[in-house]
Structure formats: structure tokens, C-alpha cells
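Peer 1: Have a look at the structure that comes next, please.
The values are calculated or read from the model by the stated rules, or taken from the named source; none is laboratory data. These figures come from a predicted structure and were not determined experimentally. A quick note on method: Cβ atoms are made from the backbone with ideal geometry, for glycine too, and the neighbour counts reach across all protein chains shown. Heads up: the accessible areas ignore ligands, DNA and RNA and are worked out on the full protein's heavy atoms, side chains in. Shrake-Rupley method; radii C 1.70, N 1.55, O 1.52, S 1.80 Å.
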Amino acid sequence: MAVRLRTPLSGEGVIKLKAGDIVHLSGTIYTARDSAHGKILSLSPEELPFNPRGTVIYHCGPVVRKTPRGWEVVSAGPTTSARMNRYLGEILPLGIRGIIGKGGMDSEPFKGRAVYFAFTGGAGSLAAESIKRVRAVHWLDELGIPEAIWVLEVEDFPLVVAIDAHGSSLYR
Amino acid sequence: MLVDVLVDAIRLAVTAIPEDTVEALQRAHEAEESEIARFNLQNILKAIEIGRERSIPVCQDTGTLTFFVRAGVDSPFLTEIEGAIIEAVRKATPEVPLRPNSVDPLTGKNSGDNTGNGVPIIHWELTEENKIEVAVFPKGGGSENCSALAMLTPGEGWEGIKRFVVEKVKACGGKPCPPVILGVGVGGGADYSLELAKRALLRKVGERNANKRIARIEEELLEVVNSLGIGPMGMGGVTTALDVKIEVAHRHPASFPVGLIVQCWANRRAFLRISPDGRVDMWR
């Protein structure tokens, strides 16, 4: 079953998804890797540069290019999500409804609240085709390009629901 | 001039996946029956095509820039080559562009240009020739994180090596971006077994070790790893590895070191040869 979804995602919306579904995601997503997770969790929700409720986090450190019109994403596939397992139990309760990554995560923390979407690792040039615009970048000076939070506008980003909100996972 | 050809080689490595690897991925795509495995392999093949057509990095992790240099002591470029490699990495970072991947382990600060203490990594070999050969090997972090060393006992021997490699691949699941290529270095000591494992990955996919006994073990390991069912991106399938490469060195009588370097499907490499007259040949 292929589903089209737009951010922000609702609790009811993600509960309906099943592992194995193909989702075409549009809207705004936020990149975050190890350092950004640490920093997000060191701040109170009011101090964050974005409202996490209903958002989708993308485990990704993009290749970007600065142009006269601003930042442009050149290549932006997912990074290994398992490194972020240690933050999962605290990050999802902020209201995050989806995580995009590769390689899978612990499925337990997703139950009843969120889903894990997989995109193909290494396919950064293809992922960049779904990224239409960089809306903003947070913490760039402090964290550097790979670890900063890149706020990306995506259109029909083709994803697989790899872990659903009912505890089912596609990972072997 | 030297700097520019090295920038070209770095660009070639990150934007154009070698033909032997692409063909192996196409065969893997034909062999998979599951919808999800085919989705992932189709995405991989599309990403490779886009990278080549637009000359952009196929994978956003453009890796730790690693170089294997065979430097002829009679080359007129011998004294320039190290500086040229470092300068080429600096120049390639905004030009290709590459992702800046060099982080100070104490402060967490990214140097911004892929250089820093010890990076780019350059492995040297001196030869009695008058040419210089450079292998450019941008190594991704996700797959490198699955690499490992085992100091086995001689009693465990080759059976122990097979067990170690299979257990590691199983434990890594989808993390290193399968279908992977496995580099295995045996003997030489802890450090050298890992270097051999990384060098092994410079061989083409499908190219067997010239030693028939080693070649048989490569094939055997490939079959066992593919029977694990991990599949493309760890979501199930018949292709977990595209190839296994083994290189050996003599070992200490008490030791049986085995280094394992896991390489993702984005098996990036480029080679260049600098002749004494300045002529440059480049290939993948």
C-alpha cells in the first residue's frame, strides 16, 4: 500500500501505518545526528529552535553547497540510525512522530506513538531529488555541517515504514 | 598541476561507482524477489546513475579520505606528492563538494576541510621505480563502524576466521549499508591485518585472490554470508555481500590476527599513475 503523507504527522495518522508500507512524505523534516540529539536533550522544549510536536527527524548529515540564493543540498541519504538508539527513549516523547534513517532502531520506544521510515543508505544523490529547499539551518557554527540541524522541505520522499507503532519491524 | 589531477581523482571516486560494483548490484537486483529488497536496489542503481550524470557524490558520506601511495624513489614528484594530496583534499572539499568529515576528538570541532591530525590518511610504500601510483579510497563511517579485529589462537585458525567474520556480519545487520564487500586481512600483527583488509578492498568485485586456496575460502565465505538473509539495507534478501576479499601475511607462531574491514555498496575508489614526464593516467 502506498500512502501520501504531509508533515506535521498526527498520532492517529502514524498508528495506521504498517511495516512494509511505502510512504511518499512531503512537508518539513529536520536532520539530526549524534551531537544534535545530545544538544536537543540538554535544552528544555521551549529553548529549541523548532517545535518538535508532530515533526519528522531525519538521521542525515548532508553534502551542501552555498550558492548566492542560499544553501543547496547536493547529496543527502540517511546515516546509521542505531547510533541514536541511546537518545530514542527521550527524544520521541517530545512529540516526534517519525524518524527517517537506515539500518533500523530499537522498536519498543516507537510503540503507540511514532514510526521509523527507512530510506536506502548511500543513495544520497537520489534522496536529494526529493529535497526542494533548505528552509533554515540551526547550530551550524557549533556543530559543523554534518551534525547541524538542517530544516528541509521535501516533496514525495519515497520511504518504507520499517518499524511501525505496533512493534513490527522489517529488520532481520 | 598535481593538485588538480588529485582533485579529479577524488571527484571520480565519489561520483562514479566502479563498473564491476555496478554490475554486481544489477545482478543482485535481478536476483531479489522481495518488493522491499528491489526498492532498495532500484534506489541504489538510480543514485549511481544520478551521481555519474551530474557529477555529484552518490553518497553524502564522502568518507575519510584515505590514500595508498606507491612512491617510486626516482620519481621527480616524490617530494611534492604528500603536500599535493593534502592540498587536493582541501580544494576538493568545496569544489566537488565533499562533506567535511574531520572532527577533533577532544573539542568536537569540525576542521571544515577534511584535513586535521593524521588526516587525510596516507599509507606509503616505497618502490625502486620512477613513477608514483596513488589509490584514492574515500571510506564511509557507517561501514567502518562495523570493522573489527580478532586476535585468534593458532588452534582456532581458519575455521575461527570464518566464524568471526560471519558473526560480525550478522551482528551488523543493516548498519553498514549492505550489500557489502568484506575485506579480510590475516596475519602480520594487529595493525597490519587491518591495513591488509583495507588494501584488499582495492581489488575489483569478482576478482579472486591469485592463491587458489585463499580464493576458495573467499567464495565459501561469500556463500555463507549471503545465506544469512540480511539482504539489501538489512530488510531481508538473498544478497548481503557482493564479494569477500582476503589478503594474507605471515604470522607470529603464537598469533592468528584477523582484521575485518566492512565496505558499503558505494565501493568508491580511483587510481592514478604519475609518470616521470608528468603524464597522468586515471582509472577506477
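Peer 1: Of all DSSP beta bridges located in the stretch B:43-132, what percent are antiparallel, nearest 5?
Peer 2: 30 percent
Peer 1: Sort A:Lys16, B:Lys175, A:Lys102, A:Lys39 from largest to smallest accessible area, using a 1.4 Å probe on the heavy atoms of the protein chains.
Peer 2: Sorted by accessible area, descending: A:Lys16, B:Lys175, A:Lys39, A:Lys102.
Peer 1: Something else: Pairing rule first: another cysteine's C-beta must sit under 4.7 Å. Under that rule, which cysteines of the protein assembly as shown stay single?
Peer 2: A:Cys60, B:Cys59, each lacking another Cys Cβ under 4.7 Å.
Peer 1: For the pair B:Leu126 and B:Asp4, how long in nm is the line joining their label points, each one 7 Å along Cα→Cβ?
Peer 2: So the label points at B:Leu126 and B:Asp4 sit 3.2 nm apart.
Peer 1: Using only the Cα atoms of the stretch B:1-147, each taken as one equal point scatterer with no solvent, compute I(q) by the Debye sum, divide by I(0), and report log10 of the ratio at q = 0.14, 0.16 Å⁻¹.
Peer 2: Each listed q corresponds, in turn, to -0.77, -0.94.
Peer 1: Taking the full set of protein chains and a 1.4 angstrom probe, give the accessible area of B:Cys59 in square angstrom, rounded to the nearest 10.
Peer 2: Its heavy atoms expose roughly 10 Å² to the probe.
Peer 1: Please name which of B:Pro138, A:Met84, B:Ala92 has its Cα lying farthest along the dipole of the protein assembly as shown towards the positive end, using unit charges on Cβ (Lys, Arg +1; Asp, Glu -1) and the Cα centre as origin.
Peer 2: A:Met84
Peer 1: Quick one: work out the % antiparallel among DSSP beta bridges in the protein assembly as shown, nearest 5.
Peer 2: 65 percent
Peer 1: In addition: If one computes P(r) from the Cα atoms of the stretch A:46-172, what percent of pairs lie at distances over 16 Å?
Peer 2: 62 percent
Peer 1: Further question: Over the stretch A:30-110, what portion of Cα pair distances is larger than 22 Å, expressed as a whole percent?
Peer 2: 27 percent
Peer 1: Can you tell me, using C-alpha contacts under 8 Å and at least 6 residues apart, the relative contact order of chain B as a whole percent?
Peer 2: 25 percent
Peer 1: Of B:Ala16, B:Ala241, B:Val169, which is farthest on the positive side of the dipole of chain B, counting Cα position, with +1 on Lys and Arg Cβ, -1 on Asp and Glu Cβ, and the Cα centre as origin?
Peer 2: B:Val169
Peer 1: Only Cα pairs under 8 Å and at least 6 apart count here; give the relative contact order of the stretch B:123-265 as a rounded whole percent.
Peer 2: 40 percent
Peer 1: Another question about this same structure. Using Stokes-Einstein with the Kirkwood hydrodynamic radius over Cα pairs, what translational diffusion coefficient do you get for the stretch A:14-67 at 37 °C and a viscosity of 0.692 mPa s, in µm²/s rounded to a whole number?
Peer 2: 239 µm²/s
Peer 1: Order the following by accessible area, largest value first: B:His252, A:His37. Probe radius 1.4 Å; ligands, DNA and RNA are ignored.
Peer 2: Greatest to least solvent exposure: B:His252, A:His37.
Peer 1: Which value, in nm² and rounded to one decimal, describes the direction-averaged projected area of the C-alpha convex hull of the stretch B:154-253?
Peer 2: If I average the Cα hull's projected area over directions, I get 6.1 nm².
Peer 1: Sticking with this structure for a sec: Taking all protein chains together and a probe of 1.4 Å, list B:Phe271, B:Phe68 from the most accessible to the least accessible.
Peer 2: Putting B:Phe271, B:Phe68 in descending order of accessible area: B:Phe271, B:Phe68.
Peer 1: Rounding to the nearest 20 debye, state how big the charge dipole of the protein assembly as shown is about its Cα centre with +1 on each Lys and Arg Cβ and -1 on each Asp and Glu Cβ.
Peer 2: 840 debye
Peer 1: When all C-alpha to C-alpha distances in the protein assembly as shown are sorted into bins of 20 Å, what percent of pairs does each bin hold, rounded to whole numbers?
Peer 2: Computed distribution, short to long bins: 25, 56, 18, 1.
Peer 1: If I model the stretch B:209-284 as equal point scatterers sitting on the Cα atoms and use the Debye formula, what is log10 I(q)/I(0) at q = 0.12, 0.17 Å⁻¹?
Peer 2: Cα-only, vacuum Debye calculation for the stretch B:209-284: -0.56, -0.88.
Peer 1: Along the charge dipole of the protein assembly as shown, pointing to its positive end and built from +1/-1 on Cβ of Lys, Arg, Asp and Glu, which listed residue (A:Pro8, B:Phe77, B:Gly229) has its Cα farthest out?
Peer 2: A:Pro8
Peer 1: Let me ask something else about it. How large is the helix-only mean residue ellipticity at 222 nm for the protein assembly as shown, computed as the sum of -39500 (n - 2.57) over DSSP H runs with n ≥ 4, divided by its residue count, in deg cm²/dmol to the nearest 500?
Peer 2: The per-residue figure over the protein assembly as shown is -9500 deg cm²/dmol.
Peer 1: Rg to Rh for chain B: what is it, with Cα atoms only and Rh by Kirkwood?
Peer 2: In chain B, Rg relative to Rh is 0.97.
Peer 1: Looking at chain B, send over the antiparallel percent of its DSSP beta bridges, to the nearest 5.
Peer 2: Of those bridges, close to 70 percent are antiparallel.
Peer 1: Suppose each label sits 7 Å from its Cα in the direction of the beta carbon; what would the A:Leu48-B:Met151 distance come out to in nanometres?
Peer 2: Between A:Leu48 and B:Met151, the simple spin-label model gives 4.5 nm.
Peer 1: Would you work out the charge dipole size for the stretch A:44-172 about its Cα centre, treating the Cβ of every Lys and Arg as +1 and the Cβ of every Asp and Glu as -1, and quote it to the nearest 20 debye?
Peer 2: 220 debye
Peer 1: Defining a contact as two alpha carbons under 8 Å apart and six or more residues distant in sequence, what relative contact order in percent does the stretch B:196-248 show?
Peer 2: For the stretch B:196-248, the relative contact order is 43 percent.
Peer 1: Would you mind working out the magnitude of the charge dipole of the stretch B:143-200 relative to its Cα centre, with +1 at each Lys and Arg C-beta and -1 at each Asp and Glu C-beta, to the nearest 20 Debye?
Peer 2: Roughly 200 debye, rounded to the nearest 20.
Peer 1: Within the set of other residues whose C-beta is less than 13 Å from the C-beta of A:Pro8, count the net charge using Lys and Arg as +1 and Asp and Glu as -1.
Peer 2: +2
Peer 1: Can you name the helices of chain B, as whole DSSP H runs, whose Cα span along the helix axis is 24 Å or more and whose Kyte-Doolittle mean is not below -0.5?
Peer 2: TM-like helix candidates: B:35-54.
Peer 1: Mind checking Rg over Rh on the stretch B:47-102, alpha carbons, Kirkwood formula for Rh?
Peer 2: 1.08
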